[in-house]
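Following: one structure in structure tokens, then a few remarks.
The values are calculated or read from the model by the stated rules, or taken from the named source; none is laboratory data. All of these numbers come straight from a predicted model, not from anything done at the bench. Note that we place each Cβ from the backbone using ideal geometry, even for glycine, and neighbour counts take in every protein chain shown.
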Amino acid sequence: MSETPAPESVATPPVASEQTQNNPPATTNGDATNATKKISPAELKKQKQAEKQARRAQAKGPGGAEDQQQASTKDGQKQQKDSKQAPKDDKSRPMPARRKPSQSNVPATKEAKKEPSKEPKKVGLFFGHLYSQPKQQSMKGASKDVHPAVSALGLQYSSYAICGSTARMVAMLLAFKAVIASYQTPPGTSLARHLTNHHLSPQIEYLKSCRPLSISMGNAIRWLKDIIIKIDPSTPENEAKRDLLEEIDIFIRERVTAADKLICELATKKIEPGDVVLTYAASSIVEQAILHAHKAGINFSVIVVDSKPLFEGKTLARKLANQGISVQYYLITGASHAVKDATKVFLGAHAMMSNGRLYSRVGTAVVSMLASAHSLPVIVLCQSVKFTEKVALDSIVGNEVAPAEEILSEAERQELLPLKSLLPSNSAKNDDKTAPEEAKPDTTDVLKWIDDSKNLNFLQVLYDVTPAHYINMVITEYGSLPPSSVPVVHRLSTNT
Amino acid sequence: MATDSDKKPLPAFDIVSTYRRILNDDPELTMPVAAIEALVEAIAQSSVSTVAETLDLLERHTAALKASIANPISLSAGTDLFQRYLITTLNRPASLNLGPDDDFRAIRNHLLSNGKLFVERAKQSREKIASFGKHFIRDGAVVLTNGGSRVVGALLRRAAESSTIRFKVIYVLPPSSSSDSNEGHQTVADLRAHNVPVAAINDSAVAYSLGKVDMVIVGAEGVVENGGIISRMGTYQMGLLAKSKGKPFYVVAESHKFVRLYPLSQFDLPIEQKVLDFKVTDDAKAKTKSGEQKDAVDEGIADMNTKPKKCLGLEAHDAVDFTPPDLISGIITESGVLTPSAVSEELIKIWF
Amino acid sequence: MAQSTTIQAPGLSSYLKSLKTTPVDPSVEHLISLLKRRQIRNSRPCAIATTALLLRVVGEFKGRDAAKLVERIRQVGRRLTSAQPREVVVGNIVRRVLGLVREVVDDQADGQTPTGSEPGHSTPHAHHDSLHRPAFASSMSTFSPLRHAGAEPSHIGVSADNMSDSGELSRRPALLTSHTSYAPAAVAGLVVNSLFGLFSQPADTPSATSTPTGQASPTGKSTLTALNLERLADLSKSQPNLDLKGEVMEGIRELQDELETSDKQIAEVALEHIHANEIILTHTASTTVQKFLLFAARKRKFTVVHAETYPHDHAATHGILLTGKKRESRPGEDDEDDKWKPLTDAGIQVYVIPDSHVFAIMSRVNKVILATHTVLANGGLVAAAGAHMIAKAAKEHQTPVVVLSGVYKLSPVYPFDIDELIEHGDAGSVVPYEDGEFVDKVDVEAPLYDYVPADLVDLYITNLGGHAPSYLYRIVADHYRSEDITL
């Protein structure tokens, strides 16, 4: 942990340093998964020890503390990568619709159990440094500190029910409003000092344990902490809280709602009649822009390229089609055909890096590469709240690992079931399944096979980094800019 | 038999004027073929009777011919091929299944009696290329081409005549002053007459237009050993641009334009070109020069210009450049589409 | 023998069984229907089925007239290719077999005194471009497989008029009606040079394919050139002793052997291409690739990253990684030699990634190995969807791309229209049918194949060794006779 914060603090001194302080305590608290975190300062301990104990006990249940420890030793610290950044960001309404295709609940619990044993094996070649802790899959791990709104939100994060950088950030801010509203400053301290460190941090840690924070969330958190710290200690608590809530609303309005509108306007100008707009996966801002252009009466069609496992694009395609836009739908393996028909590419972003690279849903780089090879203009729509001072060269150093099980949908597992008799290790397996022939086929067996197969690993990350030279234009609420100007705008947006 | 044929009378036969006459008589002819024609006539007019004499005669005439024009690259494709052909056949009399005594005369007779056939054959090649190459033009395609190459023109016309293909052409036209321009304008007019939409652009608009282009087709003056081409000035830059935009770049050339030459760069051509002409203001011509340079880019399929000049350097508007093989997607010849590497094989086969 | 390789399709093995008992003509029909219904699909099964069928066809052929045999094979071949034009390999096999017939005839002709220099012997129009250079032939087909799709029995489709002026079609009647003349390819050591085409007499039938270097002069005078080496053999008359059928069948059996062993031969060079600790990226459940990697795994430890090729090949991919077998194979149908262990059992770390991860992971990959569906004469290839983006991403990362392909997948077809070669799969594999509403409203595309241009490929490995993409034209030329390019 110590390493990651350091660079940040350099970059944005006030906020970041604040954050570094905060983080460690937060970690300990929040998480069920204790092991990964370094241990917290003393203050922490004071705090509700009893509760902690209890929590830990719980935590072991699902997660298996020991395994996590192993994992964490290998490479523990990735989760913070997202957490720093101060700017604001936003996005208006969450896009709720992305669900994992197949496994709703049943597999989830099973996976959770399996995970520990699997983790050590998978921590391998490429993203070993990214496996820190298994995702929080249930509420069990949540500490008492965690506000109900936040713990519910955490689940939605980990199940991808709320997905998308802006949506997650907005949802988080809304949850924080609830947290702040119910907050009572303990006697002997001030809101400005206590709220962030001792009350918000556990929430953040919990969210982090559900899914690593997005860049925009990091930016928003930084902004929020900044606001809190600036509260005059003499302000009455009620007033302070009211101000805070207002600030949050304004933030969402300005940085998300208004920004979206501006970006839509700008993007619409770039859509001409007859265009074929290609987009990858789903981005709420791209969706808004397309719908906006459609309502403006421009006659164009859309190609949605999608990929497993989230199939976000399917939802987008459906929405657009329902609005009467003609939509073609490809999976990413067909992307090289899709770009042939397209005239423009619009992409959403998880974040824009300061070296002009785009950090977005994995597969975006492929699509932009193909588009750029076809001389299609590649346009990124991105609110400035998603800009970060971080840089990245490839998609491996910093990324978010998704559980490997998610690669195989229920249907796919089903398809693989007949293979059972062919498994090389079949004989060994027989103990497991008492009657190999007739045991009721259970799709989770497939996962088990994979798990048992010594050298077979499934890898899945959520993002990739698109080189700046594939990108022709970034549209933000500040206007349109080349990717090289990202750091300029980032400075602008964080300083004001 | 070698006795009486005197070599002195030879100069009496003016190979150069013969060559020019042949070219002028039939504007459809390409330089290499005209050169071969001229050489055949030279043989006919002479009384050589041995292999050695014939080759010697050829060599002198070829040299004279090459010396007479500024850009002998295309021409030398013809003369070299002819020479190589004679050597190969003369040295392998057995292959003819003829009596050893007859071989030379047989060949000579064949050459003399069939001189016109070469021309026919050459023209046929062009037609073949056209009918075959038009398959490259897909329905709905936008084709970028340049210059006054007649093969390209034939190909486009053929495609235009086919009712099933609708396509558009962006034609980089030489300025009207150049010798090429007639051919170019003619092609444009023909295509338009066939309901093929043609946009005529200046060479400077190539990069601008490229976004709308599906494929580039150019002609060539000579196809060199590494599979690159020598073509009118401006082809190289089209190739570079096409490559950078990932557009297929096809060359259309009859296989008698394959020439034994291996240029390493633009300045490694066996001709002198006055393209780069550095001057300072003092020079009165500075102004003119810039105008000329513009022409340069536009002109130059030399195989059609019958340049009367004997000057040492090639004037800018006739200049050529060298397009390296890595820019070329395929070379459409009368016998198929060759990859640049196949050109090398073909040349190797006749020279070694 | 062929049965042994019936891995993928149940349709294939049952077909091969039925072939033993069914007469030829119904067998042809049977294969056509299997091809049409896609019950036999993918290059290898198609190749095996076609070879087996042609073996029967030749075996049943009555008479000793080579021209008729050629015509018979052609006719079967045309029907097969038009049944499933995108299985280019079917056409390849047919052409290979045609080439075999011609070769047998040529060899025979070589052994005889050149009778053919009397040109009056055969009708002039039979003397078409017999000495045509394979090199040129290689790259020149105007044949575009899909154009045949519309009009199966005859070529008189929309495209017939387009094609006829290419000379290829117009030449066919000559073949049908006359005794075809064959010329030994590159006879007697004298290389005939196509560049000299200019000097030979004009062809009677303008033939697009040829630079007819060795034409018999129609006038019957002494032929023009030293290049005229051809012996115009009137086959049915001049080779009374020729065991045409036997030799051709022998050749076909060799072809079958080639099909069977090509994977092995390709695998055997694996160690020259994979060194220790490499990270190799591949895709699909290709048997060729798996065997290649397995062979290398015997001696070296390396890491494989496997893109799962969703949605068309993922099940097989996962299957092959888990079990070493594709899903369709049934125990009992496998012969010994198709049993192989999954790579993971050989101690190779395999990482399965979704296709979208290709770019992200490419920066760590040392080498990309692609399987292929068909390789085209210009060095490009048609491979499972996703191959293009993999190759392109590799290019962007300067990672070498190696393509494994049996020579039988090498096609003389020039890809004029790439889109014609791309088969589109079932939308149901992209979006489940339950989601009918979605399918109604949204245009779901499921291309099965990608075209990968030659410049994205660094190396081809065939059962003949490694080749640069620029050299493929020569390999093609060596395997197909120019006369056969248009079936």
Which numbered condition residue A:399 fails, given (1) without any contact (Cβ under 8 Å) to a residue 60 or more places away in the chain; (2) buried (at least 24 other Cβ atoms within 10 Å of the Cβ); (3) not in a strand (DSSP E or B): (1)
Name, by its number, the condition in (1) in contact with a His (Cβ under 7 Å, 6 or more places away or on another chain); (2) surrounded by 19 or more Cβ atoms within 10 Å (Cβ to Cβ) that does not hold for residue C:463. (1)
Would you check if residue C:323 is closer than 20 Å to residue C:383 by Cβ, modelled with pLDDT under 90 and hydroxyl-bearing (Ser, Thr, Tyr)? no
Counting only residues that are surrounded by 24 or more Cβ atoms within 10 Å (Cβ to Cβ) and over 12 Å from residue C:263 (Cβ atoms), which one in the range C:285-299 is farthest from the chain's Cα centre (by Cα)? C:296
Output the residues belonging to the range B:197-213 that are in a loop (DSSP other than H, G, I, E, B) and modelled with pLDDT under 90. B:202
Sort out which residues of the range C:54-92 are in a helix (DSSP H, G or I) and among the charged types (D, E, K, R), and write them in order of number. C:56, C:60, C:68, C:71, C:72, C:74, C:78, C:79
Six or more apart or on different chains, Cβ under 8 Å: which pairs go from a residue in the range C:400-411 that's more than 21 Å from residue C:50 (Cβ to Cβ) to one that's assigned to a loop (DSSP other than H, G, I, E, B) and among the charged types (D, E, K, R)? Could you list them? C:400/C:458; C:401/C:458; C:402/C:458
Using the structure shown, decide if residue B:258 is within 11 Å of another protein chain (Cβ to nearest Cβ) and at pLDDT 85 or above. yes
Please tell me if residue A:351 is at the interface with chain C (Cβ under 10 Å from one of its Cβ atoms), surrounded by 22 or more Cβ atoms within 10 Å (Cβ to Cβ), hydrophobic (A, V, I, L, M, F, W, C) and in contact with a helix residue (DSSP H, G or I) (Cβ under 7 Å, 6 or more places away or on another chain). no
Are any residues in the range C:388-422 over 29 Å from residue C:261 (Cα atoms) and within 22 Å of the chain's Cα centre (by Cα), and if so, which ones? C:416, C:417, C:418, C:419, C:420
Go through the range B:24-39 residue by residue and tally those that are surrounded by fewer than 23 Cβ atoms within 10 Å (Cβ to Cβ), in contact (Cβ under 8 Å) with a residue 60 or more places away in the chain and in a helix (DSSP H, G or I). 1
In this structure, is residue A:328 surrounded by fewer than 24 Cβ atoms within 10 Å (Cβ to Cβ) and in contact with a strand residue (DSSP E or B) (Cβ under 9 Å, 6 or more places away or on another chain)? yes
Exactly one condition in (1) in contact with a strand residue (DSSP E or B) (Cβ under 7 Å, 6 or more places away or on another chain); (2) under 24 Å from residue C:449 (Cβ atoms) is not met by residue A:344; state its number. (2)
Hey, residue B:215 hits all of (1) closer than 21 Å to residue B:126 by Cβ; (2) away from chain C (no Cβ under 12 Å); (3) touching a strand residue (DSSP E or B) at 6+ places or on another chain (Cβ under 9 Å); (4) in contact (Cβ under 8 Å) with a residue 60 or more places away in the chain but one; which does it fall short on? (2)
If you go through the range C:400-422 one residue at a time, do you hit one that is facing chain A (nearest Cβ under 9 Å), in a strand (DSSP E or B), among the hydrophobic types (A, V, I, L, M, F, W, C) and under 29 Å from residue A:395 (Cα atoms)? no
Looking at C:360, C:377, C:393, which one is at negative phi, outside any helix (DSSP H, G or I) and either touching a residue at least 24 places away in the same chain (Cβ under 8 Å) or facing chain A (nearest Cβ under 7 Å) (or both)? C:377
For residue C:277, indicate whether it is in a loop (DSSP other than H, G, I, E, B), of a type in the set (S, T, N, Q) and either modelled with pLDDT of 50 or more or farther than 30 Å from residue B:334 by Cβ (or both). yes
In the range A:275-328, what residues are within 14 Å of chain C (Cβ to nearest Cβ), outside any helix (DSSP H, G or I) and under 19 Å from residue A:163 (Cβ atoms)? A:279, A:280, A:281, A:282, A:304, A:305, A:306, A:307, A:308, A:309, A:310, A:311
Spans of helices (runs of 4 or more DSSP H) in the range A:197-263 with at least 2 residues at pLDDT 90 or above and closer than 21 Å to residue A:475 by Cα: A:215-229
Can you tell me which of (1) among the β-branched types (Val, Ile, Thr); (2) outside any strand (DSSP E or B); (3) modelled with pLDDT of 90 or more; (4) surrounded by fewer than 24 Cβ atoms within 10 Å (Cβ to Cβ) is the one residue C:439 doesn't meet? (3)
So residue A:416 fits all but one of (1) within 12 Å of another protein chain (Cβ to nearest Cβ); (2) touching a residue at least 60 places away in the same chain (Cβ under 8 Å); (3) more than 17 Å from the chain's Cα centre (by Cα); what number is the exception? (2)
Kindly indicate which of B:163, B:125, B:131 is farther than 16 Å from residue B:216 by Cα, of a type in the set (Ser, Thr, Tyr), free of Cβ contacts under 8 Å to residues at least 24 places away in the same chain and at the interface with chain C (Cβ under 10 Å from one of its Cβ atoms). B:163
Just name the residue that is nearest to residue A:367 (Cα to Cα) out of those in the range A:258-283 that are surrounded by fewer than 23 Cβ atoms within 10 Å (Cβ to Cβ) and small (Gly, Ala, Ser). A:274
